[in-house]
Every structure is written in C-alpha cells, then in structure tokens.
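> Next up is a structure, given as structure tokens.
The values are calculated or read from the model by the stated rules, or taken from the named source; none is laboratory data. The model shown is predicted, which means the values in this text are computed figures rather than measured ones. Positions of Cβ are backbone-derived with ideal geometry, glycine not excepted, and every protein chain shown enters the neighbour counts.
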Amino acid sequence: MSQTRDPRPQPRSLRQRKNHLPHDVVLNILTRLPVKSVLRFRCVCKPWDSSITSPNFISTHLNNTNNDDDQDQTFLIQTCIQYNTRKIPIISKVLCCDRTFDWLFEYPTPSVFDLNMSRMVGSCNGLVCLVRHGNRSTTSDSIYLWNPSIRKFKRLPDSCLSQHFSNGQDDWVSTGFACQSKTNDYKVVKLWSTPVVAEVYTLSSDSWRRAEISLKSNVVVSYIDIPDPHFVSGALHWLAYHTESEREREFLNRMMILSFDVDNEEFGEMALPDGDKLHQRSLSVFKGNLAFITYGCPEYDDDIMPDSQCFIWVMREYGVHESWNKLFSIRFENVDISFYGCTEHGELLLDKKVKEESEDGEIKIHYCNEFTILSNDTAIVLLDPKTLHEKDLIILRYVTDIVTTFKESLVLLD
Amino acid sequence: MKFCTVKQYFDDENNNNVTNGIATTVIPLPNKHLKIKANNKEMEQYEQELLRNVMPQELTKLILAANYLNFKEALDFFCRTVANAIQNKSVDYVRKFFGLESDFEPGEEEKLCKEFAWSFEGVDED
C-alpha cells in the first residue's frame, strides 16, 4: 500500500461507511420536513428520536418554517353550524387554511375542548391558546394550550383567583396568549373584573401569579372591550376604557390601549390616535406593527347611513404616539362589514353583508324547517387596502373566528 | 472563498469523498447560481432538471461532496431535495436510504408508533 499523506485523516469506521451522512447533515434534512413526517421518523432509530425531541431541533425547525415565506403561512378558522333542530348537533370545527385560501383541512379537536363553548384567543409558534367557557356561575373558564400539528394539549391549572369571582352580570374575563422569545417561554394573561385584576401564567413554571395593574396618571381600568388582546412588539394589547377620579367625560373618549410587557410583566397604557373614529373599534397587527382599526358609521351620527367606512391607523414606531399614521381610509357602499383580522402581508379579512332592502316596508318571511341553519353565514373577503382588490373566500362559511398567526410546529408542552 | 478546499481536492490522490462525476455536477453550480441568481424560477427549473437525472442514492454522494467542499448553497439545495424526496416515505424506506437500523428495545418502537399512529396515514407504498 502506498503511503499518501491524507490531509483529512478519517477514522477507520467512517471510511468503511463512506456513504453515510454526518449527523449534522441528517439534521439539516430533517428540519426541512413537515411536522407529520418528522413525527413519523422518530421511529427510525434512537438517535433520531432523541434529536427530534431536543429544544435545539424544535427551534431550528420552527425557524425554517418562519423563513419559508410562501409555503407555510396558514390560518386557523373556527366555524359553527347550528341547525333548527336538536336532532342535529351543533357542528363546530377548527380548520386550517393555506395562505391563498385555496384548500382547507380539519384539525381533529379533543372532545374535552367542547368547541361550541370554546374560543381560540391566540397563537404563537404553533401553540394555540383555547378558552372554554364555564357554565354560568358554577364553573370558571378552562384554559388549554394546544399544538394541533402534533395533536398534544395541556389544561392549565386553575388560576389563583378562580374561586373568588361570581360571574355576575357586570363581570367579564379576557384572556391573552404570548411568547417570550428570549427564554422560549409562553405566558397566558387573564384579566378579571370587577374591580379589574390580572393574573399571569408561565408555562416553564406551570403556575399562576397575581400581577399589579398600576398605571401612570392614576388611571384605573374599568372595562375591557372584548374580543381578545393582540400580541405584538413583545406585549399584549387590549382596547380598554378608563375612569379618572375627578371628571365626567364622553364614554367613548375614555378609550385607551392597555399593554402588558411580556418580559418585565408590567402593564402600561397608550393613547389611541387622534382623529375621527367610527362606531366599531378593534386592535390588530398590520405587518408587524400595532394597528387600530375603526369601522362602521361615524361615532356621533345617529342616522343609519347606507355606506360604511373603515380607517386603519398603524403605529410605525412602537410606543411613540406621534408615529400613529392613518394608512388607509376605505368606503364600502351598501354593506355592513365585520373585521376578522389582518394577514401578515397586510391584507384585511372582512365579512361583508349586503344590506337587505325591504321594498315598501315589506317584511320578508323566511320559510324555516328543521334543516334551516340558525347560525349566521359569513361572506369573508380578502381585501388588499392598497389596491382595493377583493378576493371572495368562498371556501370559508359560518366562520366565528380566524387566527392569522398560526404555523405548524413541533413545540412541546412539557 | 467557496473553493478553498477544491485545491486540496485536486492535490489529494486517494480521496474517497469526491469522485469525478460528482465534481462535474457540484463545481459548476456556483457559476450557474451567479448567472441566474436574479431569476429564482429559472434556478428551480435548472435544479429540477439536474436532479431528474440523478438517483436518490447518488444524492448522498452529492451531499458528501458539497459538505466536504464546504459549499453551503449546494448543501442546502441537496438537503432540500432529499427532504422533498423522503417526506412521504415509510420508516423502512428512510432506514434503507440512510443505511440505518432500528436500535429500539422491543416494544419501545411499537409504543412510539402508536403515539403518532395518525402520522403513518397516507404514506407512499415502498
């Protein structure tokens, strides 16, 4: 045998298995696979099982999903169909829809969720937070964290304040879900009334703790505008009403944004943009920035106008009031609109209902039988606010909620 | 900078990692990349063409070559291609492809398969 100086000496075992791929290359391949394939390949051998369940692998796989712009953006759609007879049960589903709204598939939900009584309040890194409402005054809400891609879920322990509230008429609860990217941790924030108190759950410690709401200028939060808060710029944001100790003011003017910083666990406040507001208000996230959406008729107008408008304000620099910018002002003719959210590409999801005209005051009589559906059907459109181009999303029907931040992931709950 | 190891390759006489055939495939890639870098579609088509002529087992050799030459773009591309090729395949197919054997204790593997039984649905026949 000739003695050649091999600049990269290989151990004997590697030289024999010359076509075997190094482990880091194998991981490079595995992190590019969809979740279903990765889970199946846990059965290939022990080293693969061990790698696939490691936090490092899960993060890398998630980051691959984040970068694959066109492929992996999806939406979670909650639908509900109730018939005019108890013989047919209410059908509630969670569906997953691709970015272009061309195809749908259903995620099986654990029966314990009781979807008819549940709502998805947020999603981060493939985890979904779902709240199941309790039965009036007997039980409080149950909160679940769910990863539909790996079909695992976890019920959160009851919060420390669960026992203390009676669910009377003036009481409300709002739940928010956020992730802390620095520590790869997840938090659930619950706001109760009356008076308004807050609790925070952290997944890594699997426990709740009270959180103080102490705002500057002695402002006290009196009411939260449901629906659920939005997570952006490292904080959860609610539309809230506040009272000031001395003066009486117009109710609608006392609206503000309540924020909760996930890192330092402190509450803060922000003012809404100055300018005309319409009847309906909502917060949202527009291309990564906090947005304030107001739509419907002008707030001081008592006449029912046939046209609706929609204003979209975006806070270009987080926390800076002057950076509120009215990006879009859209007019809708002869329709009622409901706002469902913004996509990551800055398109709006709206339910458009053409206003029914009654001729000569005639009342329309609808013939009902047991196959009549009582639930409100929806006509969701995808609207590009820049071009005003609309796409009818015909595969979406009877939608009660849309989660726009969902992606498949391997994130575990333990 | 991509080719610091290429000179080494040409200097080696007994190199098991890279064969001539591979060299003709992997090395022209960067030039091609540069020429049609602006047009992603064209690159995709070129890559699909290239790989239609290559057997899955050959891909392993291509990957080793790209890895040895420290050529990240080619490595990522080949890994992406392997991922697409195996994503719907069975566990047995994947074991054969990577030359691996099951090292689970009896019963362990069944338990794991049962936990994710739904992920075995719709898998390609071997």
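> Only one of these conditions is not met by residue B:72: (1) loosely packed, with under 14 Cβ neighbours inside 10 Å; (2) within 14 Å of residue A:43 (Cβ to Cβ). Which number is it?
The single condition residue B:72 does not satisfy is (2).
> Quickly run through the stretch B:82-101 and pick out the residues that are among the aliphatic types (A, V, I, L, M), at the interface with chain A (Cβ under 8 Å from one of its Cβ atoms) and closer than 16 Å to residue A:34 by Cβ. Give the derivation first.
Residues of the stretch B:82-101 that are among the aliphatic types (A, V, I, L, M), as a first pass: B:82-83, B:85-86, B:91, B:94, B:100.
Applying the additional criterion that residues be at the interface with chain A (Cβ under 8 Å from one of its Cβ atoms) yields B:82-83, B:86, B:91, B:94, B:100.
Hits for the stretch B:82-101 are B:82, B:83, B:86, B:91, B:94.
> Quick one: which of B:71, B:104 is touching a helix residue (DSSP H, G or I) at 6+ places or on another chain (Cβ under 7 Å), more than 7 Å from every other protein chain (Cβ to nearest Cβ) and farther than 14 Å from residue A:38 by Cβ?
Working: B:104 fails: more than 7 Å from every other protein chain (Cβ to nearest Cβ).
Going through B:71, B:104 in turn, just one is touching a helix residue (DSSP H, G or I) at 6+ places or on another chain (Cβ under 7 Å), more than 7 Å from every other protein chain (Cβ to nearest Cβ) and farther than 14 Å from residue A:38 by Cβ: B:71.
> All but one of (1) closer than 22 Å to residue A:200 by Cα; (2) at pLDDT below 90; (3) among the aliphatic types (A, V, I, L, M) hold for residue A:257; state the number of the condition that does not hold.
Every listed condition holds for residue A:257 apart from (2).
> In this structure, does residue B:119 turn out to be polar (S, T, N, Q), within 7 Å of chain A (Cβ to nearest Cβ) and surrounded by fewer than 17 Cβ atoms within 10 Å (Cβ to Cβ)?
In short, no.
> Still on this model: Are there any pairs, at least 6 apart or on different chains, whose C-beta atoms fall under 6 Å, with the first in the stretch A:342-353 and free of Cβ contacts under 8 Å to residues at least 60 places away in the same chain and the second acidic (Asp, Glu) and in a strand (DSSP E or B), and if so, which?
That search, which allows pairs on different chains as well, returns A:353/A:336.
For every residue, the table says whether it meets (1) free of Cβ contacts under 8 Å to residues at least 24 places away in the same chain; (2) farther than 28 Å from residue B:58 by Cα.
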| site | (1), (2) |
| --- | --- |
| A:48 | yes, no |
| A:56 | yes, yes |
| A:84 | no, yes |
| A:104 | no, yes |
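> Against the condition more than 7 Å from chain B (Cβ to nearest Cβ), surrounded by fewer than 19 Cβ atoms within 10 Å (Cβ to Cβ) and more than 20 Å from residue B:74 (Cα to Cα), how does residue A:64 come out, does it pass?
Details: more than 7 Å from chain B (Cβ to nearest Cβ): yes; surrounded by fewer than 19 Cβ atoms within 10 Å (Cβ to Cβ): yes; more than 20 Å from residue B:74 (Cα to Cα): no.
Here the answer is no, as residue A:64 does not meet what is asked.
> Something else: Just to be sure, is residue B:81 at pLDDT below 60, in a helix (DSSP H, G or I) and either among the polar types (S, T, N, Q) or in contact with a strand residue (DSSP E or B) (Cβ under 9 Å, 6 or more places away or on another chain) (or both)?
Answer is no for this residue.
> So, in the stretch A:19-44, how many residues would count as being surrounded by fewer than 20 Cβ atoms within 10 Å (Cβ to Cβ), at the interface with chain B (Cβ under 7 Å from one of its Cβ atoms), more than 30 Å from the chain's Cα centre (by Cα) and not aliphatic (A, V, I, L, M)?
Adding up the residues that qualify gives 3.
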